[in-house]
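Below is one structure; the comments refer to it alone.
Throughout, read-outs are computed from the coordinates displayed, never taken from laboratory work. Everything numeric in this text was worked out from a predicted model, so none of it was measured. Glycine also receives a Cβ, built like all others from the backbone with ideal geometry; neighbour counts cover every protein chain displayed.
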Amino acid sequence: MTILRQKVDVLTQQYPPQVMYKLLKKNLISKEYADYQFMQKSKIPTMHFQQSLPRLPIPKLDLTCERYLAAQRPLLIDEAYRKTEYNVNQFKSGPGKQLQDLLKNYDRQNKHTSYISEFWFDTYLRDRKPIPINYNPMLVIHKDERPEYNDQLIRTTNLVISSLRFYKSLKTGLLEPEVFHLNPKKSNTETFRTLCSTLPPSMSWYSAYLFKAYPLDMSQYPNLFNSTRIPEIDKDRLFSNPQGKHITVQYKGHIYAFRVVSDENDIIPAEQILARLKYILEDESPKNEFPIGILTTMERNKWATLRHELGENGNSQTLKLIDSALFNVCLDIEILGDDPYAISRNFLHGDGENRWFDKSFSLQVSKDGHAAVNFEHAWGDGVAVLRYVQDIYKDSRENPFIHPDSKPYDEAINNVIRLDLHLSDKIKGSIVQAKEEYKKMCKSLEIDYLIFDRIGKNVCKKQAVSPDSVMQLGFQVGYYKMTGKFVPTYESCSTAAFKHGRTETVRSCTTATKAFTLAITSKNKPSDTELKNMISDCSRVHNQLTREAAMGQGFDRHLFALKKFADKTNMVCNIFDDPDYAFLNNIILSTSTLNSPAIYAGGFGPVVKDGLGVAYIIKDDQLGVLVTCYPPYQSGSDFIDSLRGTFDELVNLLQKD
């Protein structure tokens, strides 16, 4: 068996994924071996489309200016809007042209990437705010429907194994490429896969396009594993070591490490992983009085200074072990039950003592088998993480390698190491201080949620309106009812259809949503028919904005890049000095949705002190909203109450003949 594995290792290094696929098909690699080592065996190599992906377009300056003004119109009084309009026209005919030329020249010189990518990395890595709540989102995974598989040890082991199977499939190019199928019945077929796999990478995107299938950028996927964010003064850096073959595990504030991949690049047997996790869970040591993970909750410059001191105190190799781990696992001692508040708080922030927020992602599992992923946001967006979560959820349910009667076998005591760091009195004092500061930070955050059973995708589709537009309309009406205001609203939209695309903003507070909001809250309310027609108008406008954003034709990222060049060249631009530009980018309603059968809930913090973080899920016959805020600046509970009444009104309107 060892000889076979060595041969496989040589094959995976020397041959491209399509050759590996043929070897698997011809049974030159044993089925038993392949079934454990690989989650998927894609005919199309994972990165096959990457070379031919279209590049993120730079929008025309005139269109960006028009779209910017359209986003400002519902938010500004007439006098302020006229001033903004004047500044935009001055920009369009003056410095805007020069900045557009600079941006285009930069883009021509960097054809390997997108015009936004480097600026976006820089923005994330320069921010000095603590990353939990402010940046790191959480995705809570549904429990297994079989209660016996939700035992903490069994569930963790199966999720770890599925994660490793995903990792190895990705590394060998056997993970299915991410493709958006406009018509899955016609394109998600064996014919499609055969044709695309036979064409060279330089042409593969075009063949997919003929099927109305759109391959998505997968450049972020390698950063899922063996990666971490390293704190440094003024600007952090992203670190990756693809050679790491171990994972780290946190339990009661202690950090452990053990190998999960052999020297032959094989995933070690499932029963060995079970044994090593069992060994950790049976460690009767008390909670760590000085849990080093709490330092990852700090302001970034403070953490950078302390991390440097840790290295100077003889902990460099230990920190490297943490940084280079495939991923991090957090085994929590809390029993969360079915309380959405407890689940959300534990996985979004917890007490910070059993976390390493800098890691690309951490797989978190509670005492009673609830599981979630908390991920660092600088390296990538939700698209890659959602794919990972969906795949491991499905795989761990359909192909569990550990069962309630599975027996561990391993000399775990010789294979698991506890990473005990050398801590100076100063570091210990900083840990105590970090605990207190983080406790205050978490206590200041309010979390509220709404589960609404009267409306979902089915009701919306029956009325020929976009479910997402109805959600966003609900947020506008609900917020206006609560405050009497229209505010800057952000909905994240992926631009993964392009090489190194990141995200674009959908500005979902529009003149259409404002008109509907004023109408439905008016004493002289229009007829139900008129209101229904207005909902349809809102849906059309929202769909258009979403299409534009997904195709790289929003205005936010374009203006962001132009401002970067204005700052670099010290060019004076009234559009950027205008207080209303800052106002538009002070996002009060920050919203995002990630719909998947695997996801129980998602969540993130507000992006500004007086804002709301709104994560939502739309199912066939239900919607769910999780809201975060910082009282007294906002009230999440009031917003939820307002949303409940608003969605009642909307569904009543939609269901009327």
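So for the stretch 506-618, Kirkwood radius off the Cα pairs, Stokes-Einstein at 4 °C and 1.567 mPa s: how many µm² s⁻¹?
Taking Rh from Cα pairs, D becomes 76 µm²/s.
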| message | Relative contact order for the chain: what percent, with Cα pairs under 8 Å and sequence separation of 6 or more? | response | 20 percent
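Semi-axes of the stretch 316-440's equivalent ellipsoid from the Cα gyration tensor, sqrt of 5 times each eigenvalue, largest first, rounded to whole Å? Walk me through the numbers before you get to the answer.
On the way: eigenvalues 141, 88, 58 Å².
Ellipsoid half-lengths, sorted descending, are 27, 21, 17 Å.
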| Can you give the translational diffusion coefficient of the stretch 553-641 in µm²/s, computed by Stokes-Einstein from the Kirkwood radius over Cα pairs at 37 °C and 0.692 mPa s? | 211 µm²/s
| Between the stretch 564-622 and the stretch 435-508, the Cα center-to-center distance that results, in Å | 10 Å
| Residues of the stretch 368-395 with amide nitrogen under 13 Å from the 7 Å Cα-to-Cβ point of Arg146? | 395
| task | Would you list, by chain and number, the lysines whose Cα falls below 25 Å from the Cα of Lys656, excluding same-chain residues fewer than 8 positions away? | result | Lys457, Lys461, Lys462, Lys481, Lys514, Lys523, Lys525, Lys532, Lys619
| field | the stretch 411-461 shape via C-alpha gyration tensor axes, a/c threshold 1.5 | value | oblate
| remark: Helix 528-550: inclination vs the chain longest Cα principal axis, degrees, rounded to 10, gives 50 degrees
| task | State the answer as a single residue: which of His377, Trp303, Ile273 lies farthest towards the positive end of the charge dipole of the chain, with beta carbon charges of +1 for Lys and Arg and -1 for Asp and Glu, about the Cα centre. | result | His377
| field | Evaluated at q = 0.10, 0.15, 0.19, 0.23 Å⁻¹: base-10 log I(q)/I(0), Debye formula over Cα of the stretch 407-524 | value | -0.68, -0.92, -1.16, -1.33
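How large is the Kirkwood hydrodynamic radius of the stretch 151-296, counting all unique pairs of alpha carbons, in Å? Please list the in-between numbers first.
Numbers: mean 1/r = 0.0532 Å⁻¹.
When all Cα pairs of the stretch 151-296 are included, the Kirkwood radius is 18.8 Å.
For the stretch 488-556, build the convex hull from the C-alpha positions and give me its volume per residue in Å³.
Working: hull volume 5.1 nm³, N = 69.
Once divided by residue count, the hull of the stretch 488-556 is 74 Å³.
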| Within the set Lys278/Lys426; Lys43/Lys111; Lys287/Lys367; Lys92/Lys568, which residue pairs have Cα atoms separated by over 24 Å? | Lys278/Lys426; Lys43/Lys111
| query | Using a Förster distance of 45 Å, how high is the FRET efficiency between Glu79 and Arg418, based on the Cβ-Cβ distance and rounded to 0.05? | reply | 0.10
| field | Alpha carbon centroid spacing (whole Å) that separates the stretch 217-283 from the stretch 86-107 | value | 46 Å
| query | Whose amide H sits under 5 Å from the amide H of Val329, counting only residues 5 or more places off or on another chain, with H placed in the peptide plane? | reply | Thr248, Val249, Gln250, Leu363
| task | Treating cross-link reach as a plain straight distance, find the aspartates and glutamates whose alpha-carbon is under 12 Å from the alpha-carbon of Lys143, omitting any fewer than eight places away in the same chain. | result | Asp151, Asp338, Asp368
| Normalised by the number of residues in the stretch 523-657, what is the relative contact order in percent for Cα pairs under 8 Å and 6+ residues apart? | 16 percent
| Segments 70-79, 183-192, 212-221 sorted - mean Cβ within 10 Å per residue, highest first | 212-221, 70-79, 183-192
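Please rank Ile588, Ile292, fewest neighbouring Cβ atoms within 10 Å first, as an exposure proxy. Present the calculation step by step, with values, prior to reporting the outcome.
Details: Ile588 22, Ile292 27.
Listing Ile588, Ile292 from fewest to most nearby Cβ atoms yields Ile588, Ile292.
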| note | Note on the stretch 348-421: contact order normalised by length, alpha-carbon pairs under 8 Å, 6 or more apart, percent, works out to 17 percent
| request: Rounded to the nearest 10 degrees, what's the angle between the helix 117-126 long axis and the longest principal axis of the chain, both from Cα atoms, 0 to 90? | output: 80 degrees
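Going by how many other Cβ atoms sit within 10 Å of their own, how do Cys196, Cys460 line up, fewest first?
Values: Cys196 27, Cys460 23.
Least to most surrounded, the residues fall as Cys460, Cys196.
Take the Cβ-Cβ distance between Thr305 and Asn585 as r, set R0 to 35 Å, and report the resulting FRET efficiency rounded to the nearest 0.05. If you can, show how the numbers build up before the last one.
Working: r = 30 Å, r/R0 = 0.86.
Given R0 = 35 Å and the Cβ-Cβ separation, E is 0.70.
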| remark: For the chain, longest principal axis from Cα atoms; helix 270-281 axis from its Cα atoms; angle between them, nearest 10 degrees, is 80 degrees
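Given R₀ = 41 Å, what would the calculated FRET efficiency be for Thr198 paired with Lys129, taking r from the Cβ atoms and rounding to 0.05? Walk me through the intermediate numbers first.
Details: r = 49 Å, r/R0 = 1.19.
E(calc), rounded to 0.05, equals 0.25.
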| query | Ordered by residue, what ³J(HN,Hα) values in Hz, to whole numbers, does the stretch 614-628 give under the Karplus form 6.51 cos²θ - 1.76 cosθ + 1.60, where θ = phi - 60° and Gly and Pro are x? | reply | 10, 9, 9, 10, 10, 9, 4, 10, 6, 10, x, 9, 10, 10, 10
| remark: Distance in nm between Arg547 and Asn458 label points, each 7 Å along Cα→Cβ, equals 2.9 nm
| remark: Going from the fewest other Cβ atoms within 10 Å to the most, one would list Lys252, Lys439 as Lys439, Lys252
| query | Which of the lysines could a cross-linker bridge to Lys41, judged by Cα under 17 Å and excluding same-chain residues fewer than eight apart? | reply | Lys22, Lys25, Lys26, Lys31, Lys168, Lys171, Lys394
| task | Take the Cα coordinates of the chain, assign each an equal point scatterer, and use the Debye formula without solvent to give log10 I(q)/I(0) at q = 0.12 Å⁻¹. | result | -1.43
